[in-house]
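I'd like to ask you about the structure that follows.
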Amino acid sequence: METNPVGKYAWTAKVGEKGQIVIPKEARRFFGISPGDTLLILGNEASGLVVTRPEILNDLADEILGKEEHKT
């Protein structure tokens, strides 16, 4: 049985006729994704797509700007 590195996961999803994907149930449960949630999709021609929560930008801004400077 193959194992993933700690904290690393992979799932697959098929794209439907309308361009929609279904996030696998196990992934939705693990990451606490519920119907109606907003997700951020980032793309890079060379490396593909990333689907994440929009809050990741806040975390990134905190990292770049410093947590105290970013919070107003």
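The values are calculated or read from the model by the stated rules, or taken from the named source; none is laboratory data. Here the structure is a predicted model, which is why all the values come from computation and not from measurement. Virtual Cβ from ideal backbone geometry, glycine too; neighbours counted across all protein chains shown. We work out accessible area using only protein heavy atoms, side chains counted, and drop any ligands, DNA or RNA first. Shrake-Rupley method; radii C 1.70, N 1.55, O 1.52, S 1.80 Å.
In the stretch 20-72, which residues are among the aliphatic types (A, V, I, L, M), touching a strand residue (DSSP E or B) at 6+ places or on another chain (Cβ under 9 Å) and part of a loop (DSSP other than H, G, I, E, B)?
Step one: of the stretch 20-72, the residues among the aliphatic types (A, V, I, L, M) are 21-23, 27, 33, 39-42, 46, 49-51, 56-57, 60-61, 64-65.
Narrowing further to those that are touching a strand residue (DSSP E or B) at 6+ places or on another chain (Cβ under 9 Å): 21, 23, 39-42, 49-51, 56-57.
Selection gives 23, 39.
Now a separate question. Of everything in the stretch 59-72 that's open to solvent by 80 Å² or more (accessible area, probe 1.4 Å) and either among the hydrophobic types (A, V, I, L, M, F, W, C) or modelled with pLDDT of 85 or more (or both), which residue is nearest to residue 32 (Cα to Cα)? Working first, answer last.
Of the stretch 59-72, the ones open to solvent by 80 Å² or more (accessible area, probe 1.4 Å) are 59-60, 63-65, 67-69, 71-72.
Subset that is either among the hydrophobic types (A, V, I, L, M, F, W, C) or modelled with pLDDT of 85 or more (or both): 60, 64-65.
On the way: 60: 20, 64: 26, 65: 28 Å.
Ranking the candidates gives 60 first.
Any chance the stretch 9-17 includes a residue that's among the basic types (Lys, Arg), open to solvent by 90 Å² or more (accessible area, probe 1.4 Å) and at pLDDT 90 or above? Give the steps one after another, and end with the answer.
Step one: of the stretch 9-17, the residues among the basic types (Lys, Arg) are 14.
Filter once more, so that each one left must be open to solvent by 90 Å² or more (accessible area, probe 1.4 Å): 14.
After this cut, where a residue has to be at pLDDT 90 or above as well, the list is 14.
Within the stretch 9-17 (the criterion being among the basic types (Lys, Arg), open to solvent by 90 Å² or more (accessible area, probe 1.4 Å) and at pLDDT 90 or above), the answer is yes, since at least one residue qualifies.
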